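**Q** Take this structure first; my questions come after.
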Amino acid sequence: MNNGQISIIIPVHNSANYLERCLSSVSNQTYKNLEIIIIDDGSSDNSLEIIQNVSRTDSRMITISVANSGVSAARNEGLRHANGEFIMFVDSDDWIDNDTCEKSVDIIQKNNLDVVMWPYIREYPSKPKETLFLGKEEIILTECVQEKIWRRMIGPLKEEMSKPQFVDSMITVWGKLYRYDVLENINFIDIKLVATEDTLYNIEVFQRVKSIAYLPLPFYHYRKTDLSSLTHTYRQEKISQWQELYRRIEKILLKADVPEYFYDALENRICLGLIGLGLNLIEDKKMSLKSKRKELKKILSMSQYRKALGKLDLQYFPLYWKVYFICIKNKRISATLGLLYILNFLRSH
């Protein structure tokens with residue numbers, strides 16, 4: 001283990017259009033004690049050629065080529081080769097500010113912390129949008145981390161429900177600097193099994209985390225494509241993947257013997273997951289409106305969602321979301337679809 005070194009893990013799959021900016025942002029960090037592990041996950045474009053060209057100018061870059069197995073397997077491969085005291089994940093179509101490593105490693109070392117995390121900028125083609133998920137003030141927590149952070153990752157409670165669109169803003173594995181010790185022997189699960197590999201990974205990791213800092217500096221730039229210009233395909237398997245995610249989270253809670261309100265937080269997460277499922281449904285340009293109505297009706301009739309919706313407290317929602325969840329609770333299919341179309345337009349404008 002190389003003390004003070006940051007191992008930055010970058011999974012790459014067909015990212016040629018954005019890769020050079022990503023690698024440049026990592027290579028040009030003001031903090032120099034880096035190990036840059038690039039996993040080429042079976043790219044069929046010229047990503048590998050770009051990696052090889054850039055790595056010639058930076059001896060800290062290690063390139064590992066693997067058969068295409070998905071981002072979870074690529075990150076696991078990166079972790080197996082990591083030698084740093086600290087770990088950072090960066091996605092290959094995103095980029096970070098040049099002082100990200102310097103400022104994050106400074107605070108994690110000075111305070112002997114397990115994790116440092118920071119907000120991000122959603123880089124839409126039209127205009128960037130900041131996501132300051134824990135506010136504008138620096139926070140250092142050395143106690144009650146499981147209550148204040150881990151429980152919130154499991155799901156929101158009370159006033160935290162006021163911005164449901166940001167329920168997963170804290171859950172990404174990028175936008176964080178981890179001490180390697182808290183990640184040891186925890187693997188990413190394939191997204192084909194669970195709907196979001198970051199969520200399950202961090203829920204497992206943060207069960208161990210005892211100390212954390214939040215820097216209100218949006219170092220990370222999360223590239224968002226123009227939703228209106230893409231053809232999205234609704235994937236029915238997402239429903240079973242979400243259900244498997246919730247099952248695995250519940251298993252973690254049972255093993256940890258947590259208070260009842262942790263389960264309330266999970267029920268709220270299940271309800272808010274209907275936002276993402278709904279958006280995925282209406283983004284499909286090829287699916288007929290009749291088919292979308294039929295699919296949404298099927299989803300809203302599932303026992304897992306009916307149970308969670310039955311417990312959902314609407315009082316903390318702003319008006320728009322209150323109306324949305326009233327429509328869902330009462331299976332008002334047409335109204336729900338209409339609200340989803342409006343949301344899909346507003347979130348990228």
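**Q** Can you quote the Å³ per residue value for the convex hull of the Cα atoms in region 48-156, rounded to an integer?
**A** 182
**Q** Classify region 1-111 as rounded, prolate or oblate, taking a ≥ b ≥ c as the square roots of the eigenvalues of its Cα gyration tensor: rounded when a/c is under 1.5, otherwise prolate if a/b is larger than b/c and oblate if not.
**A** Verdict is prolate for region 1-111.
**Q** In addition: Suppose every K and R has +1 on its Cβ and every D and E has -1 on its Cβ; what is the size of the dipole of region 257-349 about the Cα centre, in Debye to the nearest 20?
**A** Numbers: 17 positive and 8 negative charges, 149 e Å.
Charge dipole, region 257-349, about its Cα centre: 720 debye, nearest 20.
**Q** Please report the antiparallel percentage of the DSSP beta bridges confined to the chain, to the nearest 5.
**A** The answer is about 35 percent antiparallel.
**Q** Tell me, in nm to one decimal, what length is gained between Cys144 and Lys210 on full extension, where the rule is 0.36 nm per residue of separation less the Cα-Cα distance?
**A** My answer for the length gained is 23.0 nm.
**Q** Calculate the length of the line joining the C-alpha centroid of region 246-314 to that of region 40-73, in whole Å.
**A** 36
**Q** Rank these by accessible area, largest first, 1.4 Å probe: Arg248, Arg332.
**A** Working: Arg248 65, Arg332 145 Å².
I get Arg332, Arg248, largest accessible area first.
**Q** Further question: In degrees, nearest 10, range 0 to 90: what is the angle between the Cα axis of helix 260-282 and the longest Cα principal axis of the chain?
**A** Computed tilt is about 90 degrees.
**Q** Using a 1.4 angstrom probe, figure out how much accessible area the chain has per residue, in square angstrom, rounded to the nearest whole.
**A** Each residue of the chain exposes 46 Å² on average to a 1.4 Å probe.
**Q** May I pose another question? On the full set of protein chains, 1.4 Å probe, figure out the accessible area of Glu143 and give it in Å² to the nearest 10.
**A** 130
**Q** Right, next: If each DSSP helix of 4+ residues adds -39,500 (n - 2.57) and the sum is divided by the residues in the chain, what number results at 222 nm, nearest 500 deg cm²/dmol?
**A** -13000 deg cm²/dmol
**Q** Charges at C-beta only: +1 for Lys and Arg, -1 for Asp and Glu. How large is the resulting dipole of the chain about its Cα centre, in Debye rounded to 20?
**A** I would put it at about 1940 debye.
**Q** Can I ask one more? Please give the contour-minus-distance gain from Asn33 to Gln52: 0.36 nm per residue of separation, less the Cα-Cα distance, rounded to one decimal in nm. Working shown, then result.
**A** Working: separation 19, 0.36 × 19 = 6.84 nm, distance 2.07 nm.
Roughly 4.8 nm would be gained on extension.
**Q** For each pair in Lys210/Lys255; Lys136/Lys163; Lys238/Lys298; Lys307/Lys331; Lys255/Lys298; Lys163/Lys322, compute the distance between the two Cα atoms and list the pairs where it is over 21 Å.
**A** Values: Lys210/Lys255 18 Å; Lys136/Lys163 16 Å; Lys238/Lys298 14 Å; Lys307/Lys331 14 Å; Lys255/Lys298 32 Å; Lys163/Lys322 11 Å.
Lys255/Lys298, as the Cα separations exceed 21 Å there.
**Q** Relative contact order of region 202-349, please, whole-number percent, based on alpha carbon pairs below 8 angstrom and at least 6 residues apart.
**A** For region 202-349, the relative contact order is 28 percent.
**Q** Roll a 1.4 Å probe over the protein heavy atoms and report the accessible area of Leu134 in Å², nearest 10.
**A** That residue has around 40 Å² of solvent-accessible surface.
**Q** If you don't mind, there's one more thing I want to ask. Just to confirm a number: summing +1 for Lys and Arg and -1 for Asp and Glu over residues other than Leu314 whose beta-carbon lies under 10 angstrom from that of Leu314, what do you get?
**A** With Lys, Arg at +1 and Asp, Glu at -1, the net is +1.
**Q** Pull up the DSSP beta bridges for region 17-150 and report the antiparallel fraction as a percent, rounded to 5. Could you put the intermediate results ahead of the total?
**A** Details: 4 of 10 bridges.
Of all bridge pairs located within region 17-150, approximately 40 percent are antiparallel.
**Q** State the extension gain, in nm to one decimal, for the chain segment bounded by Gln304 and Arg332, taking 0.36 nm per residue of separation less the distance between their alpha-carbons. If you can, show how the numbers build up before the last one.
**A** Numbers: separation 28, 0.36 × 28 = 10.08 nm, distance 1.81 nm.
So the chain would gain 8.3 nm between Gln304 and Arg332.
**Q** Separate question: Just check region 164-241 against the gyration tensor rule for me: Cα atoms, a ≥ b ≥ c as the square roots of the eigenvalues, rounded for a/c under 1.5, and otherwise prolate or oblate depending on whether a/b exceeds b/c.
**A** oblate
**Q** How tilted is helix 237-256 with respect to the longest principal axis of the chain? Cα atoms for both, answer in degrees (0 to 90, nearest 10).
**A** 70
**Q** Considering only protein heavy atoms, with the full assembly of protein chains and a 1.4 angstrom probe, order Arg21, Arg208 by accessible area, largest first.
**A** My answer, sorted largest first, is Arg21, Arg208.
**Q** Okay, next question. When the accessible area of the chain is computed with all protein chains present and a 1.4 Å probe, what percentage of it is carbon and sulfur?
**A** 48
**Q** Sticking with this one: For the chain, with equal point scatterers placed on the C-alpha atoms only and solvent neglected, what are the log10 I(q)/I(0) values from the Debye formula at q = 0.08, 0.10, 0.15 1/Å, to two decimals?
**A** -0.40, -0.63, -1.42
The values are calculated or read from the model by the stated rules, or taken from the named source; none is laboratory data. Everything quoted here is computed from the prediction, not taken from an experiment. Every residue, glycine as well, gets a Cβ built from its backbone with ideal geometry; the counts of neighbours run over all protein chains shown. The accessibility values were calculated without ligands, DNA or RNA, using every heavy atom of the protein model including side chains. Shrake-Rupley method; radii C 1.70, N 1.55, O 1.52, S 1.80 Å.
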